[in-house]
């Protein structure tokens, strides 16, 4: 599998104290300007800061570290020939790219591309709990990625760097009892009452300043959004927290 997530260049964070929360580390927000969204019919849903707290092992014990990531959501909905609505969604997530006492605090560091996509869906769920919804078109209740196959890749320039935008075909299971929004795509009921959906996922990651910026586009197979989503990724702007 082609690796989208970059090898991380990190900056040591010196933390004082030995009890309670080890560190709180923040990223700078990454967004797409309205000038890039309007011509292709995308709208901005929300931009919010989401805290992710998890244990980080330091010596013989683990202490909590809280990482604040920024999540921005964008979407476009069209009506197909049958009268049904088809939605494409784009998430832009910035995560701190630092080390605390020798360990990376980036929650995406050791993940495969499939793992990054799964984690991004979880970040959407956390953001929705905070704001009531980041963007129409992305389910906050994906419980499993059953299939994840690379389809193609294209080179783009994002934040001044040449990156690959990789497209995957994915089959996901959604908890419909808890879901508040979902990509509009044909779905089949599963044995546990949820649904399965077949999606195309476009994934990109780039280091910028002291953060890593991820972008994930999601839509049904019947939509042809790869070029548009990749062009929107090229328009991403990021507020750096250090030197780029």
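The values are calculated or read from the model by the stated rules, or taken from the named source; none is laboratory data. Please read these numbers as outputs of a predicted model, since none were measured by experiment. So basically every Cβ, Gly included, is an ideal-geometry build from the backbone, and we count neighbours across all protein chains shown.
Quick check on this structure: which one of 100, 117, 71, 67 is under 26 Å from residue 231 (Cβ atoms) and either out of contact with any helix residue (DSSP H, G or I) (no Cβ under 9 Å at 6 or more places or on another chain) or surrounded by fewer than 17 Cβ atoms within 10 Å (Cβ to Cβ) (or both)? Result of the check over 100, 117, 71, 67: 117.
Of the residues that make up segment 58-66, is at least one outside any strand (DSSP E or B) and modelled with pLDDT of 75 or more?
If we filter segment 58-66 for residues that are outside any strand (DSSP E or B), which is where we start, we get 59-60.
Checking which are modelled with pLDDT of 75 or more leaves us with none.
Within segment 58-66, not a single residue is outside any strand (DSSP E or B) and modelled with pLDDT of 75 or more.
The set of residues in segment 204-223 that are more than 15 Å from residue 29 (Cα to Cα) and either touching a helix residue (DSSP H, G or I) at 6+ places or on another chain (Cβ under 6 Å) or in a loop (DSSP other than H, G, I, E, B) (or both) comprises 204, 216, 217, 221, 222, 223.
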